[in-house]
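Reading through the structure tokens given below for one structure.
Readers should treat all values here as calculations from the given coordinates under stated rules, not as data from a laboratory. Please read these numbers as outputs of a predicted model, since none were measured by experiment. Cβ placement follows ideal geometry from the backbone for every residue including glycine, while neighbour counts extend to all protein chains displayed.
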Amino acid sequence: MPNLLTINGGSSSIRFAIFKRGRVPRRLLRGKMERVGADGTTLTVDTGAAAPQQITLGTAQNGAAPTLLLDWLESQPQFQAVDAVGHRVVHGLLHADPELITADLLSELKDMVPFDPEHLPREMELIEILKHRHPKLPQVACFDTSFHRSMPLVASQLPIPRRYATKGLQRYGFHGLSYTFLMRELERLGDPAATQGRVILAHLGSGASLAAVRDGRSIDTSMGFTPTAGLVMGTRSGDLDPGLMSYLTSAGAMSAAQFQTMVNHESGLLGVSESSADVRDLLARESSDPRAAEALALFCYQAKKWIGSFSAALGGVDSLVFAGGIGENAAPIRRRICAGLEFLGIDLDESANDRHQERISTAAGRVVVRVIRTDEEAIIADLTMRALNLVS
């Protein structure tokens, strides 16, 4: 069977994987290019056969990163059998299904860049360089916003003059590919809430969001018009009083472009701690650095508030799922978020939580609390095959 390449381009990293096509795609290798545009750009590759291989690339400037990645991929024997490519596209506006990337869709994606200047330019670079080098290779866009297309108007509408809604200004929500995987896993695990129940999904990583899901359909999410909104994140501010931008720009402290840079790259855990956007670093420093402790407290407090608000929107909660780099690996963070939520029926099993077990709630708790390792690439592979009618 031929192979399929998946590409997940972020603002400072590019994840990729090659799958052997089949009813259930089989992963042949996976990798990640990190610190794109900064010193010490690295390429880490895992074939599953041995310890992951790490290649230092020096400084891969933003424009050079896609070329360097494709140069490396083309040297791999698994790439020679690739006959389709699936891309994660963060912002899809009103697109609901994965789509074959045509000249018309490519033009539309370019028009979407102002909606997501942090991710779409990188994604466009990856699409276009593949198109230039391999013009006959079909490419599919898998939109991160698709999962949330089921949100009701009350959750997607912005409280601004209605005329702006016709220009596409609304709450969209993101992390949809991750949420799709998590809901499929819940169903595979036999959790009845996956299809008939109330689920809160917490994708907590350098980019973080939560989603409220009822009967398998998204009804609300913390991110909104852009992925900068919602919960405080690694370098993103999350929700802010809109008056802050007016104050900072009118006071001459910064331009609109500088404000955009601040809220996306200089804020969040990094801005509050003034030392790191990485929860692992902050946990190691919190006993001696009050700023690190304050950043972690803010993150956990806001995550707790979102769980409480989504419980109200859902009329209760049956299952809570932690995923993402922080959600999957930081037991102290999960513990602090869940502390004080006993009134919802959340009762954490401390031992199971410390061991990162799949279920970390006690049998007595009304809410099943799980840790599930998300896999966006597997969803991209599946959606791409379905979009191209490659599923036998």
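7 Å from Cα along Cα→Cβ at both residue 187 and residue 335: what's the point-to-point distance in nm?
3.6 nm
Around residue 275, with a cut-off of 15 angstrom between Cβ atoms, what is the net charge of the other residues, counting Lys and Arg +1 and Asp and Glu -1? Walk me through the intermediate numbers first.
Working: positive: 280, 285, 291; negative: 266, 274, 278, 281, 286, 289, 294.
So the surrounding residues net to -4.
Can you compute the FRET efficiency between residue 287 and residue 258 using 1/(1 + (r/R0)^6), with r the Cβ-Cβ distance and R0 = 25 Å? Round to the nearest 0.05. Could the numbers behind the result be given before it?
Working: r = 34 Å, r/R0 = 1.38.
FRET efficiency, residue 287 to residue 258: 0.15.
Based on the mean of other Cβ atoms within 10 Å per residue, sort peptides 15-21, 338-344 so the most packed one is first. Don't skip to the answer; put the middle values down first.
Details: 15-21: 22.6, 338-344: 15.4.
Highest mean packing first, the order is 15-21, 338-344.
Order by neighbour count: 358, 118, fewest other Cβ atoms within 10 Å first, most last. Walk me through the numbers before you get to the answer.
On the way: 358 11, 118 21.
The order, fewest Cβ neighbours first, is 358, 118.
For the chain, what is the relative contact order in percent, using Cα pairs closer than 8 Å and at least 6 residues apart in sequence? Don't jump to the answer; show the numbers that get you there.
Numbers: 784 pairs, mean separation 55.5, N = 392.
Once divided by the residue count of the chain, the mean separation gives 14 percent.
For the chain, set up a Gaussian network in which alpha carbons nearer than 10 Å are linked by springs, and say which option among 212, 155, 81 fluctuates the most.
Highest fluctuation among the options: 81.
At 222 nm, what helix-only mean residue ellipticity would the chain give, in deg cm²/dmol to the nearest 500, using -39500 (n - 2.57) for each DSSP H run of four or more?
That calculation yields -10000 deg cm²/dmol at 222 nm.
Could you tell me which residue out of 270, 341, 194 lies farthest along the dipole of segment 176-371 toward its positive end? Charges go on the beta carbon: Lys and Arg +1, Asp and Glu -1, centred on the Cα centre.
194
For residue 136, list the lysines whose Cα falls under 28 Å from its own Cα; do not include residues on the same chain fewer than 8 positions away.
20, 32, 110
With +1 on each Lys and Arg Cβ and -1 on each Asp and Glu Cβ, and nothing else charged, work out how big the dipole of segment 176-371 is about its Cα centre, in Debye to the nearest 20. Walk me through the numbers on the way to the answer.
Details: 18 positive and 22 negative charges, 61 e Å.
In debye, rounded to 20, segment 176-371 gives about 300.
Rounded, prolate or oblate: which fits the chain, taking a ≥ b ≥ c as square roots of the Cα gyration tensor eigenvalues, rounded meaning a/c under 1.5, else prolate when a/b beats b/c? Please report the intermediate quantities before stating the final value.
Working: a/c = 1.34, a/b = 1.20, b/c = 1.12.
Judged from the Cα gyration tensor, the chain comes out rounded (a/c under 1.5).
What ranking of 222, 237, 287 emerges when the number of other C-beta atoms within 10 Å of each C-beta is taken as an exposure proxy, fewest first? If you can, show how the numbers build up before the last one.
Values: 222 26, 237 19, 287 9.
By the 10 Å Cβ count, ascending: 287, 237, 222.
Report, for segment 3-143, the % of DSSP beta bridges that are antiparallel, rounded to 5. Intermediate results must be reported in sequence, preceding the final value.
On the way: 26 of 35 bridges.
If I count the DSSP bridges inside segment 3-143, around 75 percent turn out antiparallel.
Gap in Å between the Cα centre of segment 243-263 and the Cα centre of segment 62-138?
32 Å
How high is the relative contact order of segment 3-143? Use alpha-carbon pairs under 8 Å, at least six apart in sequence, and give a whole percent. Don't jump to the answer; show the numbers that get you there.
Working: 253 pairs, mean separation 35.6, N = 141.
Relative contact order, segment 3-143: 25 percent.
Which one, 352, 206, 3, projects farthest toward the positive side of the charge dipole computed for the chain from Cβ point charges (K/R +1, D/E -1)?
Result: 3, furthest along the dipole toward the positive end.
How many nm is it between the label spots at residue 162 and residue 278, if each spot is 7 Å from the Cα in line with the beta carbon?
It is 5.1 nm.
Let's see if you can work this out: charge +1 on each Lys and Arg Cβ, -1 on each Asp and Glu Cβ, no other charges. What is the dipole magnitude of the chain about its Cα centre, in debye to the nearest 20?
Working: 40 positive and 43 negative charges, 146 e Å.
The dipole of the chain has a size of about 700 debye.
How many angstrom lie between the Cα centre of segment 285-354 and the Cα centre of segment 161-193?
21 Å
How high is the relative contact order of segment 176-371, in percent, counting Cα pairs under 8 Å that sit 6 or more residues apart? Don't skip to the end; give the middle numbers.
Working: 352 pairs, mean separation 37.3, N = 196.
Once divided by the residue count of segment 176-371, the mean separation gives 19 percent.
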